[in-house]
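These notes concern the structure reproduced below.
No value in this document is a laboratory result; all are computed from the given coordinates. These figures come from a predicted structure and were not determined experimentally. Here the Cβ positions follow ideal geometry from the backbone for every residue, glycine too, while neighbour counts run over all protein chains shown.
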Amino acid sequence: MKRIILTGLTAALLFSCSSQKSETATTAITAEATTIQQDAQEFLDEYSKEYQQLYTASAEAEWASNTRIVEGDSTNAVATRQANEALARFTGSSDNIKQARTYLEQKEELTNLQVLQLEEILYAAANNPQTVPEVVKARIKAETEQTEKLYGFDYKLNGKSATTNDIDKILRSEKNVQKRLAAWESSKEVGKGLREGILKLRDLRNQTVQSLGYDDYFSYQASDYGFSREEMMELMQQLNQELLPLYRELHTYARYELAKQYGVKQVPDMLPAHWLPNRWGQDWSAIVEVKGLDLDGALKAKGDKWLVEQAERFYTSLGFPELPKSFYEKSSLYPLPATANYKKNNHASAWHMDLGTDVRSLMSVEPNADWYETTHHELGHIYYYMTYTNPDVPVLLRGGANRAYHEAMGSLMGLAAMQKPFLAELQLVDASTETDEIQTLLKEALSYVVFIPFASGVMSEWEHDFYAKNLPEDQLNKRWWELTKKYQGMAPPAERGEAFTDATTKTHINDDAAQYYDYALSYVILFQLHDHIAKNILKQDPHATNYYGSKEVGAFLKEIMYPGASADWRQMLKDKTGEELSARAMVAYFQPLMEYLKEQNKGRKATI
């Protein structure tokens, strides 16, 4: 809007006029503002319509690439690349960038919802700017190739093909250290073929966002929170420091207990990576078996389909609607049969295919405790999609309040679904069976607390160094293992040279790059939400809750989900929990465990 500068005389005349003339002037200004709003809305409507169509085509192509991977067949890869290039050409078009910027120069005349959508258009454009079309095209091609290499990899155990589920089972339960070592080493072989691709992607991702003013790809991703990369890394360090005392006790406990379990007399200072029940040491919960909580046994009898259907029943008990019929028709929920002549991505994920009613999940559900929790987590994403798909939330703002909120909702439900009163409600455990509360808390800490140093330390710092500091290519693995030692107190079974690229064995390094701090923040947010729900809504002990059937809990969650990305994430957290982002609730939740661990670790050497 062009501003009218009033001279002193004109202003004096106007301001001395009657109130009627004053109202007339105000009406004229309002009319001009309304015209600008109308023009902006027309642009947003046209953009959103085209964007939704292209987004849907891209999602469908990606879905095909992730659910049917045939070695030597590039049909899906070509279709995916073409669909993603079409979406990139549109979102990064110079005309769309110019129009969005022009309207934002007049944002004081626009509605808040319009401003948010225009900012989202520019954020999307920065990842696909058509000022450098060849770079964007090359990046999309490289991403597609990297995905195919990652998910099409043929893992081998004892010379035979194995799935990641097979490897995970061994690491969770095998007592023979040599068999564990073989499984762990097998899981890392995929990284050898991913090095060239990730280096190419670093250059292309950085070049892409630099053309619109971002220093590097990590800075671009962190800006989605309103943070600089320095601010994001400071927050990650803060979280690590807040949880370090508890993590140190858990690390000491695990070293001594696992050494005893594997018959090793000299307790190592660093945890050998193949001793841990997870390929990256991000979850140690399988170390502990809680008496009276044999979930694997109870779930095996239920079967895989029951897990997904029961997760849906949990949400409907809170007042959420049933899943659309198309969810079960179009999702890929279970492992492929052994006779299948193709592979699929085994990493669990939730998909909002059209930013409308088509929601799907990609999983490989088996009837065990891990997948029981995962089904509840993934449906958390699905119900978030369904809830903010409403007339009040424009297509461009159909996302979480921030990316971490999406993960927090899923993880919150995963935590709630694992607590004893809830399990007793489902008759998965006998309510009268005495369980060791400290052991239960220990198992939870080995999942949630142990994850923080991995997510906020190892993953975030490695990607920060990789993108923002241009980590030399002959130091990729060296830096990875320096960070695992620093943050996780973990070491490889033997020297890992640069022939390996162990960081790339983690899915998100390749296809959801420079945003793993989302998961660390999500755990902090989930404990803040859980603390509020337990104490203020359910009036229950946060360690022993039962959300099942609580419409009040459902209403609380819907209020967070409903506005999607149109809500300010900081204000949302403050309004709903009464506090800013803080690890306070998480630390408080595990405080009873600290005293137990200190007692158990008396006389033991702490090494981190």
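Observations on the model:
- Label-to-label distance, nm, for residues given as Q475 and E580 (7 Å Cα→Cβ offset): 3.4 nm
- Multiplying the residue separation of E46 and E71 by 0.36 nm and subtracting their alpha-carbon distance yields 5.0 nm.
- Using the Karplus relation 6.51 cos²θ - 1.76 cosθ + 1.60 with θ = phi - 60°, the per-residue 3J(HN,Hα) values for the stretch 435-440 come to 10, 7, 5, 5, 5, 4 Hz, with x marking Gly and Pro.
- Amide H to amide H distances under 5 Å link Y155 with A162, where only residues 5 or more positions off or on other chains count and H is placed in the peptide plane.
- DSSP beta bridges confined to the chain are antiparallel in about 75 percent of cases.
- With R₀ set to 56 Å, the beta-carbon distance separating S326 from E599 gives a calculated FRET efficiency near 0.55.
- Multiplying the residue separation of K535 and E134 by 0.36 nm and removing their Cα-Cα distance gives an extension gain of 138.9 nm.
- Unsatisfied cross-links (Cα-Cα over 21 Å) in the set K169/K506; K302/K343; K535/K558; K137/K192: K302/K343; K137/K192
- Stretch gain in nm, segment E559-Q82, where the contour uses 0.36 nm per residue and the Cα spacing is subtracted: 167.9 nm
- Projected area, mean over directions - the chain, Cα convex hull, nm²: 30.9 nm²
- Distance in nm between pseudo-label sites at D203 and R570 (7 Å out along the Cβ direction from Cα): 3.9 nm
- The modelled label-to-label distance for the pair T433/A606, using points 7 Å beyond Cα in the direction of Cβ, is 3.5 nm.
- For the stretch 234-245, 3J(HN,Hα) per residue [Karplus equation, 6.51 cos²θ - 1.76 cosθ + 1.60, θ = phi - 60°, Hz, x = Gly/Pro]: 4, 5, 4, 5, 4, 4, 4, 5, 5, 9, 4, x
- Restricting the stretch 269-365 to GluC sites (Glu not before Pro) in coil, as DSSP defines it, with at most 16 other Cβ within 10 Å: E289, E322
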